[in-house]
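This report concerns only the one structure given below.
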Amino acid sequence: MGAWSSFDEVLGRMQILTWNVQWCCGLDGVADPARITRHAQGMGDIDVLCLQEVAVGHPALAGGPGDQVAQIQALLPGWQLFFAATTDGFDAQGQRRSFGNLVATRLAVAEVAQHRLPWLAEAGVVSMPRGCLVVTVRDPHLGLVRVMTTHLEYHSATQRMAQVRALQGIHAEALAQCGEPPGSAPAATPYTTPVHTPHAVLCGDFNMGPLDAEYAALVAPGAAPLHNSWQVLQGDAPQPATFCVFDRTWGPAPVACDFALVSDSLRSHVQGWRSDGATQLSDHQPVLLTLA
């Protein structure tokens, strides 16, 4: 890893890996955060790790996961770790159960924000609360980068479209703050002006394919556009499938639904995109984005 680190430092590369890890449960039924983190770090000299479906206190799930936030923190000494539970409550025995998104990084962190995404009322439709975790990091070469990770609703296109619109709003609001920053305030007060940057990466499991209307809305041109990093490099070539590659429980055929989107300001910095289509450590495949 040391050689890679010095090589990336010379080239000024930033690597972000996104992965729906299914509470770190592989297709063998074993829930093991250690092999997830090992595999992720083996894909590159990653700076930011974005994981979806991280569990705390859900022993009834396959593999009987424990406190995965604490386990992952122990596996990444020296990294800062942020967990945003989208569901957080207690079972009948009073045991707390949390489930959500996690960002771990070895870069300096400037700001953290949690956004609740729309959860529309749809009678009889299975759904759960969803959110977007935003961790703004300081990259030595790119400067401030807003890393946004999310996991959208699976069972409802109506929910997903509302959540896509909310994500666009979050990004557009951040860009507007760059152009018209709020007034200054005395240091060390809650009004202290936070950091602002046009650089953003939105990644995660979007539970929609490239042909879906929600996807078209997500990458539509506009005042605050987001670009699929795969398409930035490969044009109209189909993105490799990241879901249902081995396990067809949730769909009849493999599909690409895990994306790494970049802001307009980062489009020219997209250097590499890679997915591991062979691993079976989750029911999704990891995606590695390289910015230069």
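Search region 113-160 for residues being touching a Gly at 6+ places or on another chain (Cβ under 7 Å) and either of a type in the set (D, E, K, R) or touching a residue at least 40 places away in the same chain (Cβ under 8 Å) (or both), and hand back the single one that is surrounded by the most Cβ atoms within 10 Å (Cβ to Cβ). Outline the logic, then answer.
So the first thing to find is which residues in region 113-160 are touching a Gly at 6+ places or on another chain (Cβ under 7 Å), and the list is 114-117, 131, 141, 149-151.
Next, from what is left, pick out any that are either of a type in the set (D, E, K, R) or touching a residue at least 40 places away in the same chain (Cβ under 8 Å) (or both): 115-117, 131, 141, 149-151.
Working: HIS115: 17, ARG116: 12, LEU117: 22, GLY131: 21, HIS141: 13, THR149: 29, THR150: 27, HIS151: 26.
Looking at residues that are touching a Gly at 6+ places or on another chain (Cβ under 7 Å) and either of a type in the set (D, E, K, R) or touching a residue at least 40 places away in the same chain (Cβ under 8 Å) (or both), I get THR149.
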Across region 222-272, what is the number of residues that are assigned to a strand (DSSP E or B) and more than 24 Å from CYS24 (Cβ to Cβ)?
-> 9
For region 169-216, name all the residues that are surrounded by fewer than 13 Cβ atoms within 10 Å (Cβ to Cβ), in contact (Cβ under 8 Å) with a residue 40 or more places away in the chain and under 28 Å from GLN15 (Cβ atoms).
-> PRO194
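Residue-wise test of (1) within 24 Å of HIS141 (Cβ to Cβ); (2) in contact with a His (Cβ under 9 Å, 6 or more places away or on another chain).
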{"site": "ALA220", "(1), (2)": "no, no"}
{"site": "GLY235", "(1), (2)": "no, no"}
{"site": "ASP247", "(1), (2)": "no, no"}
{"site": "ALA253", "(1), (2)": "no, no"}
{"site": "CYS257", "(1), (2)": "no, yes"}
{"site": "ALA260", "(1), (2)": "yes, no"}
{"site": "SER268", "(1), (2)": "yes, no"}
{"site": "LEU288", "(1), (2)": "yes, no"}
Unmet requirement for LEU49, which otherwise passes all of (1) assigned to a loop (DSSP other than H, G, I, E, B); (2) at pLDDT 95 or above = (1)
Exactly one of ALA188, ALA237, ALA241, ALA217 is at pLDDT 95 or above, more than 20 Å from LEU266 (Cα to Cα) and over 18 Å from the mean Cα position of the chain (by Cα), and that one is ALA237
Where ALA34 falls short, out of the listed (1) of a type outside the set (Lys, Arg); (2) within 19 Å of ASP276 (Cβ to Cβ); (3) in a loop (DSSP other than H, G, I, E, B) | (3)
Taking only region 60-90 into account, find how many residues are in contact with a Lys or Arg (Cβ under 6 Å, 6 or more places away or on another chain) and assigned to a loop (DSSP other than H, G, I, E, B).
-> 1
Please state which one of GLY78, GLY12 is surrounded by fewer than 21 Cβ atoms within 10 Å (Cβ to Cβ), touching a His at 6+ places or on another chain (Cβ under 6 Å) and either in contact (Cβ under 8 Å) with a residue 12 or more places away in the chain or under 23 Å from THR279 (Cβ atoms) (or both).
-> GLY12
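The values are calculated or read from the model by the stated rules, or taken from the named source; none is laboratory data. Just so we're clear, the structure is a prediction, and the values are computed from it rather than from any experiment. Every residue, glycine as well, gets a Cβ built from its backbone with ideal geometry; the counts of neighbours run over all protein chains shown.
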